[in-house]
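The values are calculated or read from the model by the stated rules, or taken from the named source; none is laboratory data. Remember, it's a predicted structure, so these values are computed and weren't measured experimentally. Neighbour counts run over all protein chains shown; Cβ positions are idealised from the backbone, glycine included.
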Amino acid sequence: MKLVDLRSDTVTRPTAAMREAMAAAALGDDVFGDDPSVNALQQDLAARLGFEAALFMASGTQGNLCGLMSHCGRGDEYIVGQLAHTYRYEGGGAAVLGSIQPQPLAHAADGTLPLAEIRAAIKPDDAHFARTRLLALENTLGGKVMPLAYLEAATGLARAHGLATHLDGARLFNAAVAGTPAGGDPFDAARAITRHFDSVSVCFSKGLGAPVGSMLCGSRALIERARRHRKMLGGGMRQVGLLAAAAHHALDHHVARLADDHANAARLAAGLAGLPGLTVEAPQTNIVFADVAPELGAARAAGLLAHLQAQGVLATGLYRLRFVTHLDVDAEGIDRAIAAIRSYFGD
């Protein structure tokens, strides 16, 4: 029985074609700057997203941290959402390693940070306060797509107050594909997002299906600062073209197909709709959240994941379940997950 792993889109395995691209990759020493596969990937993604330069990173966490440290110095502050990955899920690296103070704000229901709250959080030029230097946003956030009008307004507000802007775009291409009209180019939609930001991090090992790697994009000056930070953080890698080739293959072949993941997420949500004891949030991209009714009790909620695992389906959560679709899960797997969940609730 094939496992239906809905824990995250990070669990994907390289496709056969991706493995062939890795095996054929031209290699060099990237610390010396002469790995041709890395150089080609950096130049290509920077051009596709409208930036001057880019730098390959071992992970999204490393890419975000290098980005934050390239914008901010010791004693500086960045404004960020309470649920943003850079604040909540990256080990406090900005504060611990960058000496950068986060100023977290509560999100609105749609995942945005209210403009009035951003404005109020910007500190005056006063020795009592950390210096507000940066606004960091995320798109998608929990699978939610940030509206283009909001991105324009939020980054415009930041610039008006002298702040730089950074986008955690781990799932940038999910947002782009969700906003691409039929027959359109998702890279056009991606540039419509990234043009508002001074730097953007992009993850290859989530929906794009590469085994490892992220990219930080920005100006040449920012990327040179980021290269120094990457070295200090232990991110100087050698014949990393093996991984860059996988990422480049993903960039060329796995972007438009993200629409399949979005369709499968919608299929899952529709299949669970109306199930007593479960409230399902309509997905915008590839992440489905479902809330187990509290009155069912902790034991009943906890038992669901064990039941699913016994049926060959993996997910995460307790009262709030998270299911993430990706290229290793097809419609048949989604139907198996629906059947397993419905059977647990006696349907």
Answer from Leu83, Leu65, Leu49 - the residue that is modelled with pLDDT of 95 or more and crowded, with 24+ Cβ neighbours inside 10 Å: Leu65
Leading residue by the ranking (surrounded by the fewest Cβ atoms within 10 Å (Cβ to Cβ)) among those in the range 311-332 that are among the small types (Gly, Ala, Ser) and at pLDDT 95 or above: Ala331
From Gly143, Gly207, residue being within 22 Å of His249 (Cα to Cα) and either crowded, with 23+ Cβ neighbours inside 10 Å or in contact with a strand residue (DSSP E or B) (Cβ under 6 Å, 6 or more places away or on another chain) (or both): Gly207
Residue within the range 234-255 that is over 22 Å from Gly183 (Cβ atoms), without any contact (Cβ under 8 Å) to a residue 12 or more places away in the chain, not assigned by TED's automatic domain parsing to the domain that holds Glu332 and not basic (Lys, Arg) present: yes
Qualifying position, being β-branched (Val, Ile, Thr) and within 18 Å of Leu41 (Cα to Cα), among Val202, Val177, Val145: Val202
Filter result for Arg191 (part of a helix (DSSP H, G or I), in the same structural domain as Thr86 (by TED's automatic domain parsing), basic (Lys, Arg) and closer than 23 Å to Ala244 by Cα): yes
Qualifying helices (runs of 4 or more DSSP H) (wholly inside the range 249-347; at least 1 residues being out of contact with any helix residue (DSSP H, G or I) (no Cβ under 8 Å at 6 or more places or on another chain) and under 30 Å from Pro186 (Cβ atoms)): 258-272, 331-344
Extreme residue, farthest from Arg257 (Cα to Cα), among residues of the range 203-229 that are part of a loop (DSSP other than H, G, I, E, B) and touching a Phe, Trp or Tyr at 6+ places or on another chain (Cβ under 8 Å): Ser219
Test: Ser214 is assigned by TED's automatic domain parsing to the domain that holds Asp188, more than 14 Å from the chain's Cα centre (by Cα) and of a type outside the set (D, E, K, R): no
Ala108 under 25 Å from Ser70 (Cβ atoms) and at pLDDT 95 or above: no
Some residue of the range 287-302 being over 21 Å from Leu141 (Cα atoms) and surrounded by 20 or more Cβ atoms within 10 Å (Cβ to Cβ): yes
Some residue of the range 4-18 being in a strand (DSSP E or B), within 29 Å of Asn264 (Cα to Cα) and over 21 Å from the mean Cα position of the chain (by Cα): yes
Residue check for Ala265: surrounded by 22 or more Cβ atoms within 10 Å (Cβ to Cβ), at pLDDT 95 or above, touching a Leu at 6+ places or on another chain (Cβ under 9 Å) and among the aliphatic types (A, V, I, L, M): no
Selection count, the range 28-58, where residues are touching a Pro at 6+ places or on another chain (Cβ under 8 Å) and hydrophobic (A, V, I, L, M, F, W, C): 0
Extreme residue, farthest from Asp198 (Cα to Cα), among residues of the range 26-44 that are among the aliphatic types (A, V, I, L, M) and surrounded by 22 or more Cβ atoms within 10 Å (Cβ to Cβ): Val38
Pair list, Cβ < 9 Å and 6+ apart or interchain, from the range 116-137 residues that are of a type in the set (Phe, Trp, Tyr) to residues that are surrounded by 19 or more Cβ atoms within 10 Å (Cβ to Cβ): Phe129/Glu77
In the range 230-247, residue farthest from Leu68 (Cα to Cα) [restricted to those that are in a loop (DSSP other than H, G, I, E, B) and among the aliphatic types (A, V, I, L, M)]: Val240
Close pairs (8 angstrom Cβ cut-off, 6 or more residues apart or separate chains): under 8 Å from Arg74 (Cα atoms) in the range 95-108, modelled with pLDDT of 95 or more and part of a strand (DSSP E or B) anywhere: Ile100/Asp76; Ile100/Glu77; Ile100/Tyr78
Number of positions in the range 79-92 that are under 23 Å from His161 (Cβ atoms) and in contact (Cβ under 8 Å) with a residue 60 or more places away in the chain: 4
